[in-house]
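Step one of this worksheet: look at the structure below.
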Amino acid sequence: MLAAGDFAGSPALKTHYATAPLATVDAMNPASTGDGILLGLAAGGVVRNGDHLRGPFLRFVPPAKPHWLQRLPPHPLVTGLMAWAYRHVPPSLLRPVLMRFVTTSLAPEAAIFRAGATLVDTAGRLIDLAGRNVHDAVAALPDSMAYIVFDVRTAKLFTSWPNFVSTAPGVAYAYLDDYRRTRADIFHEGATVAELAAKLRVDARTLADSMAAAGGGDKAASQVTDGPLYALGPAKAYVVFTNGGLDVSLRLEVLDSNGAPIPGLFAAGSNGQGGLLLEGHGHHLMWAFASGRLAGRHAAYASAR
């Protein structure tokens, strides 16, 4: 049974199936090194839709020390209690817990840039977005990291609905104050450009020039003008996951290049995705659950015969 995750963390496989520039972009899950894919290929399997992946996408860097909630074991007793709490605990009590996930694992919304935020690299230099989206622009940097800088006008917008910084649909929406409370490591505030630059450990003159350049070189027209000033980050460009998987039958048997089942070999999750393109929120999780149960059942029946 192959169930070892995708190959977002394999530079070699990303180069082979996708594009060479993506090889240097880190995976959101560094453990996704494609081991199951490699085992399937060695047994004679083939990969379908290996060039389809999600990324690069900006995500805020995780905390240096994981929160205790992230260290909970995936034991049925723990997950059962979590499921019960999600259904029965009042939202006002549950929301602070959910925020630990939303502010750690998810992406900043594009709306914050449309509202006037500026993107600078980790030296405080303005990132040129001409002809590129923010994700590709940050991925092209040597460290693939950047800060999102904005003033009090933009900050006030992102304190309530419908202007959220990030979201997990159906779970929670995170606003600026949520980041202030739960991610002090990436929330930065300064009364002046110099004070914010000190918080970010960048040159104040460089940051001031970046803010002026964001307004076309006219400091009076800069998108970021009014103090206090804020920054979120670093945010890093990641490959979130790859969609390519081993070709499989309806029984989740791994197929060879002729479409014939390889005896005794089954695959589930990303390994057994078979080129299926899973668009939408939560679909990869549901495929993991469903394909895992089906592949396990078919493998058990096959071994009993």
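The values are calculated or read from the model by the stated rules, or taken from the named source; none is laboratory data. Here the structure is a predicted model, which means the values were calculated and not measured. Methodologically, a virtual Cβ is constructed for each residue, glycine included, from the backbone with ideal geometry; neighbour enumeration extends over all protein chains shown.
Scanning segment 157-174 for residues that are under 18 Å from the mean Cα position of the chain (by Cα) and within 16 Å of Ala115 (Cβ to Cβ), which turns out surrounded by the most Cβ atoms within 10 Å (Cβ to Cβ)? This residue is Ala174.
Against the list (1) closer than 30 Å to Thr192 by Cα; (2) crowded, with 16+ Cβ neighbours inside 10 Å, the condition Ala123 fails is (2). Considering segment 1-46, and only residues there that are among the acidic types (Asp, Glu) and outside any helix (DSSP H, G or I), the residue that is surrounded by the fewest Cβ atoms within 10 Å (Cβ to Cβ) turns out to be Asp26. Here Tyr230 qualifies as aromatic (Phe, Trp, Tyr), modelled with pLDDT of 95 or more, touching a His at 6+ places or on another chain (Cβ under 8 Å) and outside any helix (DSSP H, G or I). With respect to the conditions (1) modelled with pLDDT of 95 or more; (2) touching a strand residue (DSSP E or B) at 6+ places or on another chain (Cβ under 7 Å), Leu53 lacks only one, and its number is (1). Here is a check on your reading of the model: is Gly264 more than 25 Å from Ala18 (Cα to Cα) and in a strand (DSSP E or B)? Criteria met by Gly264. Filtered by the rule that a residue be farther than 30 Å from Leu141 by Cβ and either among the β-branched types (Val, Ile, Thr) or assigned by TED's automatic domain parsing to the domain that holds Leu277 (or both), segment 39-96 gives Leu39, Gly40, Leu41, Ala42, Ala43, Gly44, Gly45, Val46, Arg48, Val78, Thr79, Val89. When Thr104, Thr118, Thr154 are screened for being in contact with a helix residue (DSSP H, G or I) (Cβ under 6 Å, 6 or more places away or on another chain) and of a type in the set (Val, Ile, Thr), only Thr118 passes.
Restricting attention to segment 182-190, does a residue exist that is of a type in the set (D, E, K, R), exposed (fewer than 15 other Cβ atoms within 10 Å of the Cβ), without any contact (Cβ under 8 Å) to a residue 60 or more places away in the chain and not in a loop (DSSP other than H, G, I, E, B)? There is no residue in segment 182-190 that is of a type in the set (D, E, K, R), exposed (fewer than 15 other Cβ atoms within 10 Å of the Cβ), without any contact (Cβ under 8 Å) to a residue 60 or more places away in the chain and not in a loop (DSSP other than H, G, I, E, B).
If you go through segment 67-119 and keep only what is assigned to a loop (DSSP other than H, G, I, E, B) and either in contact with a Lys or Arg (Cβ under 8 Å, 6 or more places away or on another chain) or surrounded by 15 or more Cβ atoms within 10 Å (Cβ to Cβ) (or both), you end up with His67, Leu106, Ala107, Pro108, Glu109, Ala115, Gly116, Ala117. Counting the residues of segment 99-137 that are among the aliphatic types (A, V, I, L, M), modelled with pLDDT of 90 or more and more than 14 Å from Phe158 (Cα to Cα) gives 7. Taken over segment 126-156, the residue count meeting the criterion of being in a loop (DSSP other than H, G, I, E, B), surrounded by fewer than 18 Cβ atoms within 10 Å (Cβ to Cβ) and either under 20 Å from the mean Cα position of the chain (by Cα) or not acidic (Asp, Glu) (or both) is 9.
Among the residues of segment 105-125, the ones that are of a type in the set (D, E, K, R), farther than 14 Å from Ala137 by Cβ and touching a residue at least 40 places away in the same chain (Cβ under 8 Å) come to 1 in all.
If you filter segment 264-305 down to residues that are farther than 23 Å from Leu53 by Cβ and touching a helix residue (DSSP H, G or I) at 6+ places or on another chain (Cβ under 9 Å), you find that the one that is surrounded by the most Cβ atoms within 10 Å (Cβ to Cβ) is Phe266. Among the residues making up segment 267-303, those that are part of a loop (DSSP other than H, G, I, E, B), within 21 Å of Leu41 (Cβ to Cβ) and among the aliphatic types (A, V, I, L, M) are Ala268, Leu276, Leu277. Checking Leu252, Leu200 one by one, the residue that is buried (at least 16 other Cβ atoms within 10 Å of the Cβ), under 16 Å from Val120 (Cβ atoms) and modelled with pLDDT of 95 or more is Leu200 and no other.
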